């Protein structure tokens, strides 16, 4: 490609609303343009990245035996009613009406449509296993779309759906997809981690996320550098940090702690480590039929720990959801305002659940249910009954891994997610096949998503510097750029540049020759911003000595290479990228 | 690809609602499955066809210098309000609201979004000409979607948009696209015709449609077999069939024509040729401000001719649309019920427009504005004033071409359309650039659409037989299929089939090896239905004599070819397809 026949339009400034690097850089590099909140046009350079990601995903899906089809963007509501998600999905599901006032959705995902296809297409065990996928435009009506392609409303996703005879075979399909995903992210050239994850609104019994490691990631990944273990913090088991509870050493004492409604302030006032305090979190679970009063729960965490809301949602009694208690409910139950609550002497009985670590603490500090007062020297069994206990907290860096070693935490961007669905959708839609015995059996399913457009953003979050994007070679819009100096004035430069361009193309390199009549500084800045992995600079000065300059995007200075070795050196460098 | 690892699911019966061959055959061949009215899933075989069409379109668009980008499916209403099409487009434009009750549309086409991009991206004449295109999901909320992919609601379209400095340059861009389209449809292997066409709701001053010739087409293409002339009947000029008006020979006579409210019946009763009668069509144009009464028009056509509604819409005075007059309006104006109307002795004055041929008729027959009566021997100038005249009718086969020769008519399916837009959208959205003199000038635009999914259907309408589809090689889901007989029992057959499969693949042929354990008759029927251009049958019986059978889809019987020549012969045959 010659730049004069292409559209390159870089911007000095990112839009004010662009909070993250990928949004800023993709906009400045002219890769995306906003059409509406969370809705973008992929400009030519951006689309090239998207297509390269799609290409790798498609190749590996095909290699893994998945079969591509294409389901529609606009899907009939009936199927979503059959699965129950028409009611469950919430406002992110964009519901629309056609001219005849019939209900449709813009697909955020396609479990319903593919299960409908499966129940019509799959008749016999002989057809199984089957894995269908498509790469299609998705829509999720995010309340507050932002971060560019990281959290857009319209986006491109690859979603695959496997159908199997039984759980063992479905597990094999799941494993095959897991391996395909590993290959995909390796080929994309990204630093990533496959982590055990929560199944969320998709459902199913097991799942893994593929997280691109980046400081700006919204997810926290817990991993053990010494082992294969990795899990999303939502799911990662937080161990009990106290092997055995020590015997009480202090008396239960009510202590004045004025203006200390937080553990940090209490610890400071009492001159104690934060790890000696216990924080009280009051939750409520409503009766789904709305007949009984909400049940009030007191969850106890060590002062330096944080509540894990996903784990909380899985506690017995929390099946229908939970919420934070209102101030009125707190006052009624504890007889005290928030900030000084605790499990001792509550105004009314309350269901107490202690985090595993809290359950092994002794002589600890907690609110006294009286404004401005805390208890010190609190001990289970002596001052209050033994609590129900559960893993309630987020892992923190340095927690021991029960399997040995120490846990660490990284930030990640979720770009892929594989789910073992079992019969969640196939049962709801009655998708069955005839087993060898001639009897109908319910299909076992898995589903497997990859955020194509999100990967582009994640790659940038992971790979950029002050000057711009540093694309991995596999997904760069152009792998190499030739920057000729004064091409419009120097025939020598023009000829050398054109020859090398032809040679690189013939060698299969996706190369750009920047033949725009612009100053070298501007041209260099453009390609540093756009992030071409390899730049070849050709000028009269170098050519006098038979030299061209070749520089990878991460190199600080160029290598001076004899003209006749430029092709080979460039190919060599590209191989290393 | 091996069939056992693919998904092939043919059906004996087409759905009852499938009225046209392409809908029936694509469903029976397992290429599409209905998700909702006018909304389909492309099954693996169907998607392969779609992708091959896309591939050819993309290559030729790139070759013509167009640059690919990707505009969103969901587009903000604001832009459609700016262009005025939010009001004008009608119910086919699916309007949706997001969770914040903001208005959006599902794009049926992207003039607005691309013009918005152009006004932001194009600053200087130096950037011009530019041509952007995308291949994207479109939605048109047809009142009555039918005919499968021929008239679907969700479909895939390639739409390109050119931007130029002035009309001459814009015309060059238009011509380049015209030529690219010619190459595209040639490469697709379809019999087609580029025809001058009306611009319809897209607007602009000039346009051509690309029509795939097929008996089931909805469009009528007027062409001259002896010249390059071709036009959609909507636009094709219908000549005056009477060079000079003859002098009156008959007296004006009121004749009883009981129960003859149609020209055919009048001609029969009077024993005259239909071409001697004149039919009266009463139209009304409403005052756009609703202040004045509707104006009533009487359009006169020869009895054997048909009104052309597109030409009618372009008559002076019809700028704001027209409608057929109501019975009350007719009674009031003519003092007579429909069926016996004419231009002589109307109850009230009426604006008469005669078709060019009618204006040259003499001694003709028309209604007498009295139930059960017609006039014979009517003559312009003598019995009524000379009429305003215009081309009001559809061309009929056999009409003379004013440039020489005789016009013929074919049915066609519109699969492409190129428009010279001028400044229609750029002016509305104020898309300007700086000219050499530093002053802003309005961009000149063209737009160029190709219905990717519709081409698949049109190809079938043109190419099928009793057994199924006959794909042109370029867009067949598989170019060749190897049908081994009893592959599961015969190692010889298996080995020969696998070897040929590998060789064909290595030669770049998209080949399927049907290794399903099914009866030969079923296998053959499947591939005749699916429409593989070349079939290679390998069986023990033939192999005994060193023979395999090779048959193109159009051949009645197979060629018996020595095994060792099978590869070369197959490649040769494919070249001819």
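The values are calculated or read from the model by the stated rules, or taken from the named source; none is laboratory data. For clarity, every value in this text was computed on a predicted model and none was experimentally measured. Heads up, the Cβs are rebuilt from the backbone with ideal geometry, glycines too, and the neighbour counts pull from every protein chain shown.
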Boolean, residue B:185 is within 19 Å of the chain's Cα centre (by Cα) and buried (at least 22 other Cβ atoms within 10 Å of the Cβ): yes
Does residue B:325 qualify as being in the same structural domain as residue B:266 (by TED's automatic domain parsing), surrounded by 15 or more Cβ atoms within 10 Å (Cβ to Cβ) and at pLDDT below 95? no
If residue B:25 meets every condition in (1) within 22 Å of the chain's Cα centre (by Cα); (2) within 14 Å of chain A (Cβ to nearest Cβ) apart from one, which number is that one? (2)
Determine, yes or no, whether residue B:216 is more than 20 Å from residue B:422 (Cα to Cα), in a loop (DSSP other than H, G, I, E, B) and in contact with a helix residue (DSSP H, G or I) (Cβ under 6 Å, 6 or more places away or on another chain). yes
Among the residues listed as A:194, A:160, the single one being touching a helix residue (DSSP H, G or I) at 6+ places or on another chain (Cβ under 8 Å) and free of Cβ contacts under 8 Å to residues at least 60 places away in the same chain: A:194
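Can you pull out every residue in segment B:93-106 that is surrounded by 17 or more Cβ atoms within 10 Å (Cβ to Cβ) and within 10 Å of another protein chain (Cβ to nearest Cβ)?
B:93, B:94, B:95, B:96, B:98, B:104, B:106
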Based on what the data block shows, is residue B:195 under 13 Å from the mean Cα position of the chain (by Cα) and within 11 Å of residue B:418 (Cα to Cα)? yes
Within segment A:1-17, which residues are more than 10 Å from chain B (Cβ to nearest Cβ) and either over 20 Å from residue B:71 (Cβ atoms) or crowded, with 23+ Cβ neighbours inside 10 Å (or both)? A:2, A:3, A:10, A:12, A:13, A:14, A:16, A:17
Across segment A:134-143, the tally of residues that are at the interface with chain B (Cβ under 10 Å from one of its Cβ atoms) and farther than 15 Å from residue A:104 by Cβ stands at 4
Output the number of the condition that residue B:147 fails; it satisfies all remaining conditions of (1) within 30 Å of residue A:105 (Cα to Cα); (2) under 15 Å from the mean Cα position of the chain (by Cα); (3) free of Cβ contacts under 8 Å to residues at least 24 places away in the same chain. (3)
Let me spell it out: the conditions are (1) buried (at least 21 other Cβ atoms within 10 Å of the Cβ); (2) under 25 Å from the mean Cα position of the chain (by Cα); (3) within 12 Å of chain B (Cβ to nearest Cβ), and residue A:90 meets all of them except one. Which number is the exception? (1)
Which ones in segment B:112-128 are surrounded by fewer than 21 Cβ atoms within 10 Å (Cβ to Cβ), within 10 Å of chain A (Cβ to nearest Cβ), in contact with a helix residue (DSSP H, G or I) (Cβ under 9 Å, 6 or more places away or on another chain) and in contact (Cβ under 8 Å) with a residue 12 or more places away in the chain? B:127
Of all residues in segment A:548-565, which are buried (at least 17 other Cβ atoms within 10 Å of the Cβ) and under 19 Å from residue A:490 (Cα atoms)? A:548, A:549
